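For reference, the structure discussed in these notes is given below.
The values are calculated or read from the model by the stated rules, or taken from the named source; none is laboratory data. Just so you know, these numbers come straight off a predicted model, no measurement behind them. Cβ placement follows ideal geometry from the backbone for every residue including glycine, while neighbour counts extend to all protein chains displayed.
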Amino acid sequence: MSDEPRDATATAAADADAEVTGGLADRWASFRDREISTVLLTVVGVAVFPFLFNNFLDGYTQLATLMLIYGIFAVGFDILLGYTGLLSFGHAVFFGGAAYAAGIFSASVSSSPLLVLLAGTAFAVLLAWIVGFLSLRRGGIYFAILTLTFGQMSFYLAASPLAFLTNGENGFTSVDIGHLLGVIDIHGGVPFPLTMLVDNMLYVFVAVMTVLSVAMANRILHSPYGTVFRAIRENERRAEFVGLDVWRYKLMAFIISAAFAGIAGSLFAIEGNYVPLESLYWTESGRIVIMTVLGGVGSLFGPLFGAGLYLYIENIVSGFPTLGPFWHLILGVVFVVAVVVFPDGIWGGIDYVRDKVAGGEDK
Amino acid sequence: MRWGESGVTLLADILTILLNGLQQGAIYVLLAVGLSIILGTLKFVNFAHGALYLLGAYLGLFITGQVPLNNGQLAEWGIQSYGIGLGFIAALIIVPIVVFVIGLLMERFVAQAFYDRPDTDQILVTFGLAIIVQELLRALLGGSSQPFPQPSWASGPIALPVVGNFPRWRLGVIAITAVLVLGVYGLVEYTDFGLIVQAGTLDGEMVRLLGIKLSRPYLVVFGIGAALAGVAGVVGGPLANVNPNIGTEQLVPAFLTVVIGGVGKIEGAVVAGLMLGTLQVLLIQTGYAAWSQVGIYALAAIILLVRPQGLLGSEVDVS
């Protein structure tokens, strides 16, 4: 990419800055802003996560895997909602669509996990091109309603007219996943050194995909392309006046976010060996909206955190004695409070507090 | 479907489809008119409109009769049934009043804080509220479906000329909808109140400069919109079972009806609702039941792409 030299200079400048000002917080900030550190943090995060989760938070590895899958979905959704300012209520199409495509591909073409992943993602991208092309003709609420319309249309298409492909209301059950690169059993255990951290191969596979996705999102958002997305969010008209083809950038943001949804959807099919019809229903689109907003729009790690929190409440808190039956209600209340009080979500709140503590001026 | 040899059967078939379409569309219209006037005048996107429908249905159940509780928290706390058994007519009168008040509270405490925030925030907060209402009902009353009995005076078939036997309640739905929609239309078109609301929609700042306070008419518009959703719950309840999901299920077609008809246009909502209802019934009765849902979304997508401002919407409304 053409932005790399400039990026490097910027990092060097930040380094120099850090040396001058010295303080621990500044040094941390300059470390944090580098691409390699983002990736390293993610690697460390996903590596120790199942251990901490299973031992201290009542978790289990399968849920940790699901959290990462939805995390990828949310990171991609945030590129659209948080960075470009477009609220889609139809992203289940790309998640569920990719899951179906991956499942059908695995059953009838090839069962190689990597090819299945590729097929699902490619399908999501193709679909996003069409849906985005049609939905982006209108802004604001019309965009939300048009995406919702296409989402529901695909749900009902999969439910009965296409039931011969999708198996209708029972969901797609014939997912067939083979060995990774022909040798590694993806649903099996892990070799020795890894056993200290995690107990199955599937988590490792999903974790690697998570790291790659985060790195990819980070690269996109820190490139000039990502800057244009932000410019569109801040003031669409002004972005147009400086000569940017706003419509094209919006479409690309839509397609990029759908690609992430596609990766997540394909992994979802691989993980569960099953694609439920509900994965296309509009409440699934609503789920990803909640996850992203709860965690924090406009940040890289916020949506990952939000996805984890949502699934934690859904699966762990729901088992608590008195609180359990009200888990969905609690989630709704927390979500509304987040929208009203912390428009930047929980992660944004943490960021805000940290900036205050560090005594730094606003960025 | 077998097209009859004689013209009479054909005519009867067409009329049946139209009547059923009218009834199917009636619920969409009731929901859409409320949604549309709120969106048109207050510029507020209410994703909780389906939740008001849901509240209306459960309130209707509560007022009409006694409903046994099988699961949910209330049952666990030892309450076996709920309801005050005042009958259907009472529900038809009380529910809109209660939901009207809920609408007023919503405008004051939720909507007002969000008028100046972006559309997306309005969608998010009302979506969250809808989840709270739905899940509160599910947690307390359980998630199972409750039959909503048809009022005894309107159950059973009625013999119509040409069409033959037709469910009496479906005619009731059509009649109630017609009365309510005409009432709201009259209120907006032919009263001083309606005049102020319409003027406010076109240019709120100018109306305020003329010394007319808009906050109260806006409050009332929100209340009326909410009350219509509540009535829709009572009227639509007996057509299918009542469970906590019916709100989210109805919200999407209602929104489609609004945008197809043109935001803020009552006539538009009526035309669009009837179109969607008739199309759906037509597809079901001609043997394409599998396509009936896909059909309405496809029709909506086509109309919005060809005529983004909606069938009766004016160019000015386009944001």
* Assess whether B:VAL125 counts as being out of contact with any Pro (no Cβ under 7 Å at 6 or more places or on another chain) and at pLDDT below 85. => no
* Asked: So which residues in segment A:334-353 are in contact with a Gly (Cβ under 8 Å, 6 or more places away or on another chain), assigned to a helix (DSSP H, G or I) and either of a type outside the set (A, V, I, L, M) or under 16 Å from B:PHE127 (Cα atoms) (or both), if there are any at all?
  -> A:PHE335, A:VAL336, A:ALA338, A:VAL339, A:GLY345, A:TRP347, A:GLY348, A:GLY349, A:ASP351
* Asked: Which one of B:ILE14, B:ILE63, B:ILE37 is β-branched (Val, Ile, Thr), free of Cβ contacts under 8 Å to residues at least 60 places away in the same chain and under 19 Å from B:ILE176 (Cβ atoms)?
  -> B:ILE63
* Which ones in segment A:130-139 are surrounded by 18 or more Cβ atoms within 10 Å (Cβ to Cβ) and in a helix (DSSP H, G or I)? -> A:VAL131, A:GLY132, A:SER135
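Table: residues versus (1) buried (at least 20 other Cβ atoms within 10 Å of the Cβ); (2) at pLDDT below 85; (3) in contact with a Ser or Thr (Cβ under 6 Å, 6 or more places away or on another chain); (4) farther than 18 Å from A:ALA269 by Cα.
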residue	(1), (2), (3), (4)
A:ASN167	no, yes, no, no
A:HIS179	no, yes, no, no
A:ASP199	no, yes, yes, yes
A:VAL214	yes, no, yes, yes
A:SER223	no, no, no, yes
A:THR227	no, no, no, yes
* To do: Can you tell me which residue among B:PHE114, B:PHE127, B:PHE62 is more than 14 Å from chain A (Cβ to nearest Cβ) and either surrounded by 13 or more Cβ atoms within 10 Å (Cβ to Cβ) or charged (D, E, K, R) (or both)?
  => B:PHE62
* Of the residues that make up segment B:134-143, is at least one over 20 Å from the mean Cα position of the chain (by Cα), surrounded by fewer than 20 Cβ atoms within 10 Å (Cβ to Cβ), facing another protein chain (nearest Cβ under 9 Å) and free of Cβ contacts under 8 Å to residues at least 12 places away in the same chain? -> yes
* Asked: What number of residues within segment B:245-269 are among the acidic types (Asp, Glu) and within 13 Å of chain A (Cβ to nearest Cβ)?
  -> 1
* Structure fact -> Residue hits (segment B:270-319; within 13 Å of chain A (Cβ to nearest Cβ) and of a type in the set (Asp, Glu)) are B:ASP317
* Structure fact -> Considering segment B:206-255, residues that are of a type in the set (Lys, Arg) and part of a helix (DSSP H, G or I), and then whichever is surrounded by the most Cβ atoms within 10 Å (Cβ to Cβ), we arrive at B:ARG208
* Quick one: is B:GLN150 modelled with pLDDT under 90, in contact with a strand residue (DSSP E or B) (Cβ under 8 Å, 6 or more places away or on another chain) and over 26 Å from A:GLY82 (Cβ atoms)? -> no
* Asked: Got at least one residue in segment A:251-269 being more than 23 Å from A:LEU134 (Cβ to Cβ) and either within 14 Å of another protein chain (Cβ to nearest Cβ) or without any contact (Cβ under 8 Å) to a residue 24 or more places away in the chain (or both)?
  -> no
* Structure fact -> Exactly one of B:GLY264, B:GLY273 is more than 12 Å from B:VAL29 (Cβ to Cβ), of a type outside the set (Phe, Trp, Tyr) and touching a residue at least 60 places away in the same chain (Cβ under 8 Å), and that residue is B:GLY264
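Give, as residue ranges, the helices (runs of 4 or more DSSP H) completely inside segment B:68-151 that count at least 3 residues that are aliphatic (A, V, I, L, M).
Filter on segment B:68-151 gives B:88-106, B:119-141.
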* B:GLU205 vs. criteria acidic (Asp, Glu) and within 23 Å of the chain's Cα centre (by Cα) -> no
* Structure fact -> Checked against (1) within 14 Å of chain A (Cβ to nearest Cβ); (2) part of a helix (DSSP H, G or I); (3) of a type outside the set (Ser, Thr, Tyr), B:GLN198 satisfies every condition except (1)
* **Condition broken by A:GLY85, with the remaining ones in (1) assigned to a helix (DSSP H, G or I); (2) in contact (Cβ under 8 Å) with a residue 60 or more places away in the chain; (3) over 15 Å from the mean Cα position of the chain (by Cα) satisfied** => (1)
* Kindly indicate whether B:GLU107 is in contact (Cβ under 8 Å) with a residue 12 or more places away in the chain, acidic (Asp, Glu), within 11 Å of another protein chain (Cβ to nearest Cβ) and under 24 Å from B:TYR58 (Cα atoms). => no
* **For B:LEU210: the one exception among (1) more than 20 Å from the chain's Cα centre (by Cα); (2) in contact (Cβ under 8 Å) with a residue 12 or more places away in the chain** => (2)
* Asked: Going by the conditions given, is A:ASP344 more than 14 Å from chain B (Cβ to nearest Cβ), without any contact (Cβ under 8 Å) to a residue 60 or more places away in the chain and out of contact with any strand residue (DSSP E or B) (no Cβ under 6 Å at 6 or more places or on another chain)?
  -> no
* Qualifying residue in segment A:76-84 (condition: of a type in the set (Val, Ile, Thr), crowded, with 16+ Cβ neighbours inside 10 Å, within 14 Å of chain B (Cβ to nearest Cβ) and within 20 Å of A:ALA261 (Cα to Cα)) -> yes
* Asked: Does A:ILE104 meet the test of being surrounded by fewer than 24 Cβ atoms within 10 Å (Cβ to Cβ) and either on the phi > 0 side of the Ramachandran plot or part of a helix (DSSP H, G or I) (or both)?
  -> yes
* Structure fact -> Output for Cβ contacts, cut-off 7 Å, separation at least six or different chains, first residue more than 7 Å from every other protein chain (Cβ to nearest Cβ) in segment A:136-150, second of a type in the set (A, V, I, L, M, F, W, C) and surrounded by fewer than 23 Cβ atoms within 10 Å (Cβ to Cβ), reads A:LEU136/A:TRP247; A:LEU136/A:LEU251; A:PHE143/A:LEU136
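Do we have B:GLY313 as buried (at least 17 other Cβ atoms within 10 Å of the Cβ) and either assigned to a helix (DSSP H, G or I) or in contact with a Cys (Cβ under 7 Å, 6 or more places away or on another chain) (or both) here?
Working: buried (at least 17 other Cβ atoms within 10 Å of the Cβ): yes; either assigned to a helix (DSSP H, G or I) or in contact with a Cys (Cβ under 7 Å, 6 or more places away or on another chain) (or both): no.
Judged against the criteria, B:GLY313 is not a match.
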* List the pairs whose first member sits in segment A:312-329 and is away from chain B (no Cβ under 12 Å) and free of Cβ contacts under 8 Å to residues at least 60 places away in the same chain, whose second member is surrounded by fewer than 16 Cβ atoms within 10 Å (Cβ to Cβ) and not β-branched (Val, Ile, Thr), and whose Cβ atoms are under 8 Å apart, counting only residues at least 6 apart or on separate chains? -> A:VAL317/A:LEU323; A:VAL317/A:GLY324
